[in-house]
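What follows is a short report on a single structure.
The values are calculated or read from the model by the stated rules, or taken from the named source; none is laboratory data. Predicted model only: the values in this text are computed from it and were never measured. As a convention, Cβ positions derive from the backbone with ideal geometry for all residues, glycine included, and neighbour counts pool all protein chains shown.
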Amino acid sequence: MSTLIVTAHPDPDSLTLAVAHRLEAALDAAGAGPVTVADLAAEGFDPRFTAADRHTYRTGTDPAPDVAAEQDRLDRADHVVLVFPVWWWSVPALLKGWLDRVFVNGWAFGVGEDGCIDRRLGRLTVHLLPIAGDDAGVYERHGYEQALRTQLEHGVVDFCGAVRGTTAFVHESEHEDPAVRERAVVTAVERVVAAVPG
Ligand SMILES: Cc1cc2nc3c(=O)[nH]c(=O)nc-3n(C[C@H](O)[C@H](O)[C@H](O)COP(=O)(O)O)c2cc1C
């Protein structure tokens, strides 16, 4: 089993990047197979959807070289874990642009002559590790968790026919007590490790 951890945060000292690397180490220790961290900010991935991307969207052909490179490394993975801070109820723009540009017609799905969607990512399991400032109660009361799950699990993972993995939130990511943050991180990392066969 090969795992690609995809993360998007501009600050190398962020909790998000710390969690991505903790998860990498935990998967290694569990013997889950090769693990790679794709740090989109450090790598300089450009999230802007271009006219060339629109051409690909319409025709299912000619992905831009940076998009094709992302698709190649996803093709080599059995599991992908998106590790991201929740920003305005969603993923950061960098990760949203990665989804917009990479999960496109011709690779993630196709459209048949009859208009039926051909969902192509059945070999890929997608896990989510959202890192949230708010606590679990806020997420429950405002339908926040369901909103995130609907947009990503249903809107992206199901649409492309990928397998839903686990969704493990870290809540209270800015809690003043480091022990609270640590407990939340350990629990989320353990949940993802348990969901990736070792
Ligand atoms: C632009 C922005 C929007 C945010 N929106 C939310 C939000 O909608 N829900 C939430 O729980 N936390 C929100 N937060 C708090 C972040 O989730 C929090 O800063 C992050 O999890 C801390 O981890 P980090 O050190 O990796 O950035 C937001 C933070 C920023 C900077």
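Observations
- Which listed residue is crowded, with 19+ Cβ neighbours inside 10 Å and within 12 Å of the ligand (Cβ to nearest atom), from Ala32, Ala8, Ala18: Ala8
- Hey, Glu145 within 16 Å of the ligand (Cβ to nearest atom), within 23 Å of Leu99 (Cβ to Cβ) and surrounded by 14 or more Cβ atoms within 10 Å (Cβ to Cβ) or not: yes
- Being of a type in the set (Val, Ile, Thr) and surrounded by 14 or more Cβ atoms within 10 Å (Cβ to Cβ) holds for only one residue in Val192, Val186, and it is Val192.
- Sole exception among (1) touching a residue at least 60 places away in the same chain (Cβ under 8 Å); (2) within 12 Å of the ligand (Cβ to nearest atom) for Gly133, by number: (1)
- Some residue of region 97-105 being farther than 27 Å from Ala18 by Cβ and either surrounded by 15 or more Cβ atoms within 10 Å (Cβ to Cβ) or of a type in the set (S, T, N, Q) (or both): yes
- Filter result for Leu94 (in a helix (DSSP H, G or I) and closer than 13 Å to Val157 by Cα): no
- Boolean, Arg123 is among the basic types (Lys, Arg) and surrounded by fewer than 15 Cβ atoms within 10 Å (Cβ to Cβ): yes
- Which numbered condition Val163 fails, given (1) touching a strand residue (DSSP E or B) at 6+ places or on another chain (Cβ under 7 Å); (2) among the β-branched types (Val, Ile, Thr); (3) buried (at least 18 other Cβ atoms within 10 Å of the Cβ): (3)
- Yes/no for Glu43 being within 16 Å of the ligand (Cβ to nearest atom) and either surrounded by 13 or more Cβ atoms within 10 Å (Cβ to Cβ) or at pLDDT 95 or above (or both): no
- Scanning region 40-81 for residues that are assigned to a helix (DSSP H, G or I), closer than 26 Å to Asp28 by Cα and of a type outside the set (A, V, I, L, M) turns up Glu43, Glu70, Gln71, Asp72, Arg73, Asp75.
- Apart from one condition, Glu70 fits all of (1) touching a residue at least 24 places away in the same chain (Cβ under 8 Å); (2) of a type in the set (D, E, K, R); (3) surrounded by fewer than 17 Cβ atoms within 10 Å (Cβ to Cβ); the exception is (3).
- Scan of region 75-92 for residues that are surrounded by fewer than 20 Cβ atoms within 10 Å (Cβ to Cβ) and either within 16 Å of the ligand (Cβ to nearest atom) or in contact (Cβ under 8 Å) with a residue 24 or more places away in the chain (or both), ordered by number: Arg76, Asp78, Trp87, Trp88, Trp89, Ser90
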